[in-house]
Amino acid sequence: MHFQWYPGHMTKAKRMMQENIKLIDVVIELVDARIPISSKNPDIDELAKNKSRIILLNKSDLAHKGHTDEWKQYFEEKGYFVATVNAKSGNGVKSVQNTVMDACKEKIERDRKRGIINRPIRAMIVGIPNVGKSTFINSFAGKACTKTGNKPGVTKGKQWIKLNKNVELLDTPGILWPKFEDQTVGLRLAYIGSIKDEILNITDLAIELIRFLVEHYKGILEGRYECQEQENAIAILEHIASVRSCRKPGDELDLDKAARILMEDFRSGRLGQITLEFPEE
Ligand code: G4P
């Protein structure tokens, strides 16, 4: 399988971030807890140099809890402040306020020594498309917050959301495109649905996922589709097609349809909580 990426969008988004990041104290980076490295754009390290850094392991409801804990530790060892969240349900979102204060402790202390008190911390959310940035902003900011007016230096039209007296959030997230130099990264982004299925061969994708699940999550496929996991991946997909009555006119098995069912079961969490990459890699 071969994946493409879109440098046109990337350049524009990066420019927007470069313009705004000067005004920011802390960068809150969302990653998908199922693929924390593949959903993390490495350019952010350069862009956010000298800023306090927070990583939010979002969509934690879809990831394996034990592996999410390992990833939290992994990023903490690299110097990030880390929180595990489910932006959709709001789980863990409240605690991000404390994480922001922790990440900015030194800055607050520096300000205090210079006689600057009560200057709010300014934060920006960044991440690749579909990682949950808008959902998180809505959940984190809630309804009660007020929008403050434009400030000098911020791209025209940008606004700050005043979360409370301590924190202001740029209302537009920074969008970074994922990097596809490594094909494994492309494959994992495709699994979670971050690459449009229309440009993929969904059957090949499902077969790859079956191989991964049989190796790392024994019993999951058997539990849902009553298939024999010792069979090869194509036979397993054929079995899924058969038990889910995926047939073409003339009664031939419709593997494409079965592949869509499998991918949807995985992406919605119906297959269980599944992490696709591990820190020890
Ligand atoms: P973005 O701004 O980074 O592009 O992402 P956005 O918030 O639009 O979220 C992308 C999709 O991910 C949305 O689903 C959203 O509901 C879902 N999502 C965000 N955070 C979480 C989470 O913590 N857990 C789960 N399970 N899903 C999450 P959608 O299907 O596009 O929309 P909707 O049908 O859910 O409204």
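The values are calculated or read from the model by the stated rules, or taken from the named source; none is laboratory data. All figures in this text were calculated on a predicted structure; none of them were measured in a lab. Just the protein is used for accessible areas: all its heavy atoms, side chains included, with ligands, DNA and RNA removed. Shrake-Rupley method; radii C 1.70, N 1.55, O 1.52, S 1.80 Å.
Accessible area per residue, 1.4 Å probe, Å², for the range 8-171: what's the number?
On the way: 8160 Å² over 164 residues.
Normalised by residue count, the accessible surface of the range 8-171 is 50 Å².
Averaging sequence separations of C-alpha pairs under 8 Å and six or more residues apart, then dividing by the length of the chain, give the relative contact order as a whole percent.
Values: 448 pairs, mean separation 63.2, N = 281.
About 22 percent, as a whole number.
Residues whose amide H falls under 5 Å from that of VAL82, counting only those 5 or more places apart or on a different chain, are ILE55, with hydrogens built in the peptide plane. Carbon and sulfur: what percent of the chain's accessible surface (1.4 Å probe)? Carbon-and-sulfur percentage of accessible area, whole number: 48.
Give me the tail of P(r) for the range 181-221 as a percent: Cα-Cα pairs with distance above 16 Å. Working shown, then result.
Details: 302 of 820 pairs.
Cα-Cα pairs in the range 181-221 separated by more than 16 Å: 37 percent.
Amide hydrogen proximity for SER52: with H placed 1.01 Å from N in the peptide plane, the residues at 5 or more positions away or on another chain lying under 5 Å are VAL27. The HN-Hα couplings worked out from phi for the range 104-110 by the Karplus form 6.51 cos²θ - 1.76 cosθ + 1.60 (θ = phi - 60°) are 9, 3, 5, 5, 4, 5, 4 Hz, whole numbers, x standing for Gly and Pro. The Cα trace of the chain gives Rg and Dmax of 21.3, 80 Å, the first to one decimal, the second as a whole number. For the range 201-268, the solvent-accessible area with a 1.4 angstrom probe is 52 square angstrom per residue. Convert each backbone phi in the range 35-50 into a coupling constant with the Karplus relation 6.51 cos²θ - 1.76 cosθ + 1.60 (shift: θ = phi - 60°), then list the ³J(HN,Hα) values in order as whole Hz, x for Gly and Pro. Taking θ as phi minus 60°, the curve returns 9, x, 8, 5, 9, 10, 8, x, 4, 4, 4, 6, 5, 9, 4, 6 Hz for the range 35-50. Under a Gaussian network description of the chain, with springs only between Cα atoms under 10 Å, the residue in GLU109, GLU238, GLU264 that fluctuates furthest is GLU109. By DSSP, the beta bridges lying fully in the chain are antiparallel in about 30 percent of cases.
How much length is gained on full extension from SER268 to ILE199, taking 0.36 nm per residue of separation minus their Cα-Cα distance? It would help to have the intermediate numbers written out before the result.
On the way: separation 69, 0.36 × 69 = 24.84 nm, distance 2.05 nm.
Difference between extended and current length: 22.8 nm.
With the convex hull drawn over the C-alpha atoms of the range 220-281, the volume per residue is 100 Å³. With one equal scatterer per alpha carbon and no solvent term, the Debye-computed log10 I(q)/I(0) for the range 8-171 at 0.10, 0.18, 0.20 1/Å reads -0.35, -1.20, -1.47. Round to a whole angstrom and tell me the spacing of the C-alpha centers of the range 50-99 and the range 224-276. The range 50-99 and the range 224-276 have Cα centres spaced 32 Å from each other. Under a Gaussian network description of the chain, with springs only between Cα atoms under 10 Å, the residue in SER95, SER38, SER139 that fluctuates furthest is SER95.
Once C-alpha pairs closer than 8 Å and six or more residues apart are averaged by separation and normalised to the residue number of the range 201-268, the relative contact order reads 33 percent. What the phi angles of the range 117-129 give under the Karplus curve with 6.51, -1.76 and 1.60, with θ = phi - 60°, is a coupling list of 10, 6, 7, x, 6, 10, 10, 9, 8, 9, x, 6, x Hz, glycine and proline written as x.
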